[in-house]
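Colleague: Dropping a structure here in structure tokens format, bear with me for questions.
The values are calculated or read from the model by the stated rules, or taken from the named source; none is laboratory data. What you see is a predicted model, and the numbers here were worked out from it, not measured in a lab. Every residue, glycine among them, receives a Cβ derived from its backbone with ideal geometry; neighbour counts consider all protein chains shown. For the accessible areas, the whole protein counts, side chains as well, though only heavy atoms, and no ligand, DNA or RNA atoms are used. Shrake-Rupley method; radii C 1.70, N 1.55, O 1.52, S 1.80 Å.
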Amino acid sequence: MYKKRTDVNQKAIYKQFKQLGIEYVDTSKFGNGFGDCIAKYRDKAYILEIKNPDIAWKLTEDEIKMHRFLYKTQLEIKVVEDIEDVLKLFGIN
């Protein structure tokens, strides 16, 4: 068992969510590869895995398993590195 790490950019992204009116639930403590949050804007919602763009990252084995599981259930999990990724995902100009 390992302690769940939180990427350094996660709090900044959450702060920007509030400014943009993006609703979210922090799920980063769930572990087992589940994403860092569930984010909703208007009629779109995604499970987001937030990664730090300043380091070379890769998904953990648990994250890969969870992504595969969620794909089968048709729930969408997306990897984002910064608020620009989120803006594109939700179609916010």
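Colleague: Filter region 30-88 down to the residues that are part of a helix (DSSP H, G or I) and open to solvent by 80 Å² or more (accessible area, probe 1.4 Å), then identify the one that is farthest from K15 (Cα to Cα). First the steps, then the outcome.
Modeller: Taking region 30-88 as the starting set, the residues that turn out to be part of a helix (DSSP H, G or I) are 61-73, 83-88.
Next, from what is left, pick out any that are open to solvent by 80 Å² or more (accessible area, probe 1.4 Å): 61, 65, 68-69, 71-72, 84, 88.
Working: E61: 29, K65: 29, R68: 29, F69: 29, Y71: 28, K72: 31, E84: 14, K88: 17 Å.
If we take residues in region 30-88 being part of a helix (DSSP H, G or I) and open to solvent by 80 Å² or more (accessible area, probe 1.4 Å), then K72 is farthest from K15 (Cα to Cα).
Colleague: Report yes if I38 is of a type outside the set (F, W, Y), at pLDDT 95 or above and in contact with a Ser or Thr (Cβ under 8 Å, 6 or more places away or on another chain), otherwise no. Can you show your working first?
Modeller: On the way: of a type outside the set (F, W, Y): yes; at pLDDT 95 or above: yes; in contact with a Ser or Thr (Cβ under 8 Å, 6 or more places away or on another chain): yes.
So I38 passes the test.
Colleague: Would you please list the contacts, defined by Cβ atoms under 8 Å and residues six or more apart or on different chains, that run from a residue in region 54-82 that is touching a residue at least 60 places away in the same chain (Cβ under 8 Å) to a residue that is open to solvent by less than 50 Å² (accessible area, probe 1.4 Å) and assigned to a helix (DSSP H, G or I)?
Modeller: Once the first residue is touching a residue at least 60 places away in the same chain (Cβ under 8 Å) and sits in region 54-82, its partners that are open to solvent by less than 50 Å² (accessible area, probe 1.4 Å) and assigned to a helix (DSSP H, G or I) give V80/I13; V80/V86; V80/L89; D82/I13.
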